[in-house]
Amino acid sequence: TGGTFVIDLIGFVFPMYASIKAIESPSPEDDTQWLTYWLIFAFFKILEGSADYLLQYIPFFLMIKAAFLVWCYYPKTQGAKVIYASVIKPYLVPNLGLQAAAKKED
């Protein structure tokens, strides 16, 4: 639908622009921000695709999704980093056998 297309634009256009800008900058910090965003975005799309039949019954889901995506990439909130630090790093990283890499960052 048209609403889904607009939401996908919100999730793709600015992050794609910012990712290109980050790749071209000398600082690795912005690269980490955008890699983290794309990781969270991919997890979200997988979960959304799996639960689509339920999500269609949630009122204003598209607006909630848009707000979530903006929260994930907005530079002042960096929600993707929050999700990574509170969910991915403590629960997924150790199960992938990446504890040594995770400890280097701490």
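Observations
- Going through (1) loosely packed, with under 10 Cβ neighbours inside 10 Å; (2) of a type outside the set (Phe, Trp, Tyr); (3) part of a helix (DSSP H, G or I) one by one, THR4 falls short only on (1).
- Test: residue in segment 33-55 that is modelled with pLDDT under 95, surrounded by 12 or more Cβ atoms within 10 Å (Cβ to Cβ), among the aliphatic types (A, V, I, L, M) and not in a helix (DSSP H, G or I): no
- Taken residue by residue, segment 81-102 has no member that is among the charged types (D, E, K, R) and exposed (fewer than 12 other Cβ atoms within 10 Å of the Cβ).
- Entry remark, segment 56-74: residues being open to solvent by 80 Å² or more (accessible area, probe 1.4 Å) and not aliphatic (A, V, I, L, M) number 6 in total.
The values are calculated or read from the model by the stated rules, or taken from the named source; none is laboratory data. This is a predicted model, so every value here is computed, not measured. Methodologically, a virtual Cβ is constructed for each residue, glycine included, from the backbone with ideal geometry; neighbour enumeration extends over all protein chains shown. Quick note on the areas: whole protein, heavy atoms, side chains included, nothing else; ligands and nucleic acids left out. Shrake-Rupley method; radii C 1.70, N 1.55, O 1.52, S 1.80 Å.
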